[in-house]
């Protein structure tokens, strides 16, 4: 099976870029309704529909949700492509028939439509839905919890984006995908559910090695019961966090979208048969940690108040007139020169004027950069 060709055949070409509000799911919803697999699961705080796709005829029950953070749309695009594959059984009939015979999927492509509309991590009330598992104060989380209780999944998939500042270990490469089997307590105990999730993660990582070797990270497993993944894992249901990250030259995250699709195929191609090894935990822990050590652009050896520092710059996105706009912001000032950049410029002790001033750069949205001495503008 050629996964790249398969992806091209089923990819929803109406979805592109990072800004993905609820109305852009209309093609998927129309197809799901035509195939009688659409379910209206509830509504958001502002009354937008929360859509569900219920498909499959197998015993293994999979609950997956994406875009619980409204500005994290890469996994949504990847999971929409996966759903379109399941809905077009003739495209890869043997594979899709086997997947549908072994599994029943309940997929929520967008849990936070209000946040998606304004390109915000939080929902309309300013609440991070991934910190609301215990309080269940928001309508969106209550929708998810009702589905969890009624559907009784054998596996949960919690689908997110991570910023480009996440790198793999101490290498100068992005964590294009990161995985986590969430903890069930502060001691990071190894429950049967957690070990099963670890084994399934290793299975995906092994499958991805041909095209993504060295760019897969392991997300931090610090315990927070208010996080949905930790909450479900503690309840005894294997839960996997997938974080879609940066791929060099792919600001729109179309290549990462493909890798999300590929990971899902590796996960389900032989049902939920776990990866078998002498020590699954050791193999899972061998996946390198991801670290916040990468920046889109680093200015090295900038003189700031007589001290040579590195300036870490990040590409950020905002929505203006329903169009995504990119800008640069100074993420941090690093006197220890620890941060690394996908692109680096050495200023060799020069002083810079950023937005016409020379101090207190951190957090600043960049309009202009110039050399203080020569007044030469720097184009980036």
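Data table
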quantity	calculated
Out of 280, 298, 260, sole residue that is modelled with pLDDT of 95 or more and over 25 Å from residue 67 (Cα atoms)	298
Qualifying residue in the stretch 84-94 (condition: in contact (Cβ under 8 Å) with a residue 60 or more places away in the chain, within 25 Å of residue 1 (Cα to Cα), assigned by TED's automatic domain parsing to the domain that holds residue 10 and surrounded by fewer than 19 Cβ atoms within 10 Å (Cβ to Cβ))	yes
Verdict on residue 63 being touching a strand residue (DSSP E or B) at 6+ places or on another chain (Cβ under 6 Å), within 17 Å of residue 157 (Cα to Cα), buried (at least 21 other Cβ atoms within 10 Å of the Cβ) and touching a residue at least 24 places away in the same chain (Cβ under 8 Å)	yes
The one condition in (1) within 23 Å of the chain's Cα centre (by Cα); (2) crowded, with 19+ Cβ neighbours inside 10 Å; (3) assigned to a helix (DSSP H, G or I) that residue 142 fails to fulfil	(2)
Residue within the stretch 345-359 that is under 30 Å from residue 213 (Cβ atoms), surrounded by 15 or more Cβ atoms within 10 Å (Cβ to Cβ) and outside the structural domain of residue 241 (by TED's automatic domain parsing) present	yes
Any chance residue 293 is modelled with pLDDT under 95 and either crowded, with 16+ Cβ neighbours inside 10 Å or not assigned by TED's automatic domain parsing to the domain that holds residue 100 (or both)	yes
Residues of the stretch 174-203 that turn out to be assigned to a loop (DSSP other than H, G, I, E, B) and either within 11 Å of the chain's Cα centre (by Cα) or at pLDDT below 95 (or both), as a count	2
Any hit, the stretch 158-172, residues being at pLDDT 95 or above, touching a helix residue (DSSP H, G or I) at 6+ places or on another chain (Cβ under 6 Å) and more than 29 Å from residue 50 (Cα to Cα)	no
Members of the stretch 1-12 found to be assigned to a loop (DSSP other than H, G, I, E, B) and modelled with pLDDT under 95, listed by number	1, 2
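Okay, residues lined up against (1) out of contact with any strand residue (DSSP E or B) (no Cβ under 8 Å at 6 or more places or on another chain); (2) crowded, with 18+ Cβ neighbours inside 10 Å; (3) over 19 Å from residue 50 (Cβ atoms); (4) in contact (Cβ under 8 Å) with a residue 40 or more places away in the chain:
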| position | (1), (2), (3), (4) |
| --- | --- |
| 107 | no, yes, no, yes |
| 117 | yes, yes, no, yes |
| 120 | yes, no, no, yes |
| 124 | yes, yes, no, yes |
| 131 | yes, no, no, yes |
| 137 | yes, no, no, no |
| 149 | yes, no, no, no |
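The values are calculated or read from the model by the stated rules, or taken from the named source; none is laboratory data. Small disclaimer: the values here were computed from a predicted structure and weren't measured. Quick reminder, even Gly has a Cβ in these numbers, built from the backbone with ideal geometry, and neighbours come from all protein chains shown.
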